[in-house]
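The values are calculated or read from the model by the stated rules, or taken from the named source; none is laboratory data. What you see is a predicted model, and the numbers here were worked out from it, not measured in a lab. Cβ placement follows ideal geometry from the backbone for every residue including glycine, while neighbour counts extend to all protein chains displayed.
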Amino acid sequence: MYEHVLVTGGAGFVGSSLAIALRAALPRARITALDNLHRRGSELNLDRLAAAGVAFVRGDVRSPDDLAAVEPPGLILECSAEPSVQAGYDGSPGYLIETNLLGCFHCLELARRVRADFLLLSTSRVYPFGLINSLAYAEEETRFSLAARQTLPGASDQGISEIFPLDGPRSLYGTSKLAAELLVEEYADAYGIRYIINRCGLIAGPWQMARSDQGVVALWMAAHYFDRELRYIGFGGSGKQVRDVLAIDDCCDLIVDQVRHFPLYANRRYNAGGGAASSLSLLETTALCRQISGNRIPISASREDRRADVRLYVTDNRSVSAVNGWRPRRDPPGILRDIYEWLRAEEARVKPVLLPQLGAPAAEVTASTR
């Protein structure tokens, strides 16, 4: 087992959860979380990291000197990212590229120097949105669903697998992560670095500081909890677009298993998500949020599609499940209940972070429509 594990982006939603999970799973290992605290709310995870026995270093993957100052690790979990699919479209993509691609390069340089294994948290957004939106689908009462027969390889009613084509635009965010994947593979070939790449779908759970452009499941529950307006955007404003949801605990279970059995998983890319059984539409998410929170809030509709949005995406997990039996165990109702209970327990701390990222108060919206 590893004596020292470095988790970059270690104060973020996924990074902090992984660092804490690894600390529990590897009691003899030292776990270090490195983060620049750029994203609002990441500072709230510092107490959680300290309570779990995870060392925190304030540093930036864009700075080689920050990485060089850390105790040499045996394993690097590269979780740092600007995670928004809309990032860069309203101006320069500089921070996005510097963090997601240049930052990964700096982490790989550290891995090369100290001979560390490397695990990259990538994204399902590496797959081109035009090809995904061209897939055959049916429109049901509350959702869009993938047809069983598809013409593109890697697509079926089970979702999208690793052999789905990569030709076409995928968003600036998706491009930065795909480029990072390619760099990881080149370093593996050139320098003998062992690696794992996980292309994760939508991850959700407590401690996710959701925004309108990232973390939609937590955002939906937070809007219901704090009585704020929401909006169905794109695809006719129907709210029928679908994602599969991976619980943060299931994500941690997978990566802990990969760390414990690195050779079994090594040198491959995997799609990892909630899968077809854990998929839901925005309409279905609304119904669950109403049921769990007891609140009904106004939800408007915008028919205009946003750049790089997709009608539906579901992860085909069969490749990663075949390695050592991992499968998601949490379902969307349970994930949403966990988020609701977290909001209740931590309302005073998270409210100043979440409210500026939510819509207008529902009372104001209701008054304006009278």
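Filtered by the rule that a residue be of a type in the set (Lys, Arg) and under 19 Å from the mean Cα position of the chain (by Cα), segment 182-215 gives 199, 211.
Where strands (runs of 3 or more DSSP E) fall wholly inside segment 67-162, the ranges with 2 or more residues that are in the same structural domain as residue 186 (by TED's automatic domain parsing) are 75-78, 117-123. The number of residues in segment 32-89 being of a type in the set (Asp, Glu) and buried (at least 16 other Cβ atoms within 10 Å of the Cβ) comes to 5. Looking only at residues in segment 163-182 that are in contact (Cβ under 8 Å) with a residue 40 or more places away in the chain, on the phi < 0 side of the Ramachandran plot and assigned to a loop (DSSP other than H, G, I, E, B), the one that is surrounded by the most Cβ atoms within 10 Å (Cβ to Cβ) is 170. Counting only helices (runs of 4 or more DSSP H) that sit completely within segment 241-343, those holding 3 or more residues that are crowded, with 19+ Cβ neighbours inside 10 Å and under 15 Å from the mean Cα position of the chain (by Cα) correspond to 248-260. Among the candidates 193, 203, the residue that is at pLDDT 95 or above, crowded, with 22+ Cβ neighbours inside 10 Å, touching a strand residue (DSSP E or B) at 6+ places or on another chain (Cβ under 7 Å) and closer than 23 Å to residue 97 by Cβ is uniquely 203. The residue pairs whose first member lies in segment 43-69 and is closer than 15 Å to residue 207 by Cβ and aliphatic (A, V, I, L, M), whose second member is modelled with pLDDT under 95 and part of a loop (DSSP other than H, G, I, E, B), and whose beta carbons are closer than 6 Å, counting only pairs six or more residues apart or on different chains, do not exist in this structure.
Of all the criteria given as (1) more than 18 Å from residue 215 (Cα to Cα); (2) in contact with a helix residue (DSSP H, G or I) (Cβ under 7 Å, 6 or more places away or on another chain), the one not satisfied by residue 280 is (1). For segment 55-101, the candidate set comprises residues that are more than 20 Å from residue 120 (Cα to Cα) and among the acidic types (Asp, Glu); within that set, the residue that is farthest from the chain's Cα centre (by Cα) is 65.
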